Amino acid sequence: MKIVLNKATAEDFLRLKSLRLSALKNSPTAFGAKFDDLKDRPENYWQQLIKVSSWCLAAADGADIALLAVDRADKDRNSDCWLSSWWISENYRGRGISKLMADWVYNLCKENGWEKIGLGVWPDNKNAIAVYLKLGFELADGLMPSRSIPGLMYQPMYKSIGGDTK
Ligand SMILES: CC(C)(COP(=O)(O)OP(=O)(O)OC[C@H]1O[C@@H](n2cnc3c(N)ncnc32)[C@H](O)[C@@H]1OP(=O)(O)O)[C@@H](O)C(=O)NCCC(=O)NCCS
């Protein structure tokens, strides 16, 4: 199996659309965004997403299988960058692809001088929390209010990579 990770460029907007909609359909409770809200968005919505975030797109033997977004963190996020939209197609889970994608993120962080990586996960997403702990993220003490779904709280998790990316 040949896994290729790349940072989405302007031409990749249809790849991003397809992966993101697959993620929202496959894992409807994992994300703040909802399939029905995004399924009919015009092309420029997807093109704009690529402009504002760094998207890691993963392909296995030429077929797209995974994505995640990395953004410069807003001040209230208590970190340098923020991960979101992380999803791997079910057939490819449990095969070490999350680690490859995490390494991709660490390289992006090094290029940008970012040392503290944050992300938010719903507290009941025990599987994702277990994966992030295994990748070296730590649970923040308290929950934070979601921006995408008012009323819900998310669990922040952080990893500092100042030279140590294990
Ligand atoms: C979250 C997600 C991207 C992780 O990818 P994955 O392929 O399932 O993760 P992996 O199997 O590579 O797990 C990474 C490590 O965590 C461990 N792990 C995975 N699930 C675990 C669990 N439930 N308990 C303990 N450890 C676990 C793995 O054994 C692996 O450790 P290893 O490197 O020592 O083998 C994927 O499960 C997914 O797309 N889930 C649905 C969408 C989602 O919930 N996204 C997150 C939104 S915040």
If you project the alpha carbons of region 1-42 onto their three principal axes, what span does each projection cover, largest first, in Å? 30, 26, 14
Pick from Leu139, Leu57, Leu19: which is most flexible by mean-square fluctuation in a GNM of the chain where alpha carbon atoms under 10 Å apart are linked? Leu139
Measure of exposure for Arg72: accessible area at 1.4 Å probe, Å² rounded to 10, is 140 Å²
Filter the cross-link list Lys39/Lys126; Lys25/Lys110; Lys25/Lys134; Lys2/Lys25; Lys110/Lys134 down to pairs whose alpha-carbon distance in this structure exceeds 29 Å. Lys25/Lys110
Heavy-atom accessible area of Lys25, protein chains in place, probe 1.4 angstrom, given in Å² to nearest 10, is 140 Å²
Of Tyr106, Ser79, Ile117, farthest towards positive along the dipole that unit charges on Lys, Arg, Asp, Glu beta carbons give the chain: Tyr106
Along each of its three principal axes, how wide is the spread of alpha-carbon positions in region 3-160, in whole angstrom units, largest first? 39, 33, 30
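With charges set only on the Cβ (+1 for Lys and Arg, -1 for Asp and Glu), what does the dipole of region 11-74 come to about its Cα centre, in debye to the nearest 20?
Details: 9 positive and 10 negative charges, 25 e Å.
In total the dipole reaches around 120 debye.
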The chain, Gaussian network, Cα under 10 Å: of Asn107, Asn26, Asn91, the residue fluctuating most is Asn91
Please state the relative contact order of the chain as a whole percent: Cα pairs under 8 Å, 6+ residues apart? 19 percent
Just the number please: accessible area per residue for region 3-160, 1.4 Å probe, all protein chains included, in Å². 54 Å²
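Under a Cβ-Cβ cut-off of 9 Å, what is the net charge of the residues other than Met1 that fall near it, where Lys and Arg count +1 and Asp and Glu count -1?
Details: positive: Lys2, Arg95; negative: Asp61.
Residues close to Met1 contribute a combined charge of +1.
The values are calculated or read from the model by the stated rules, or taken from the named source; none is laboratory data. Here the structure is a predicted model, which is why all the values come from computation and not from measurement. As a convention, Cβ positions derive from the backbone with ideal geometry for all residues, glycine included, and neighbour counts pool all protein chains shown. Heads up: the accessible areas ignore ligands, DNA and RNA and are worked out on the full protein's heavy atoms, side chains in. Shrake-Rupley method; radii C 1.70, N 1.55, O 1.52, S 1.80 Å.
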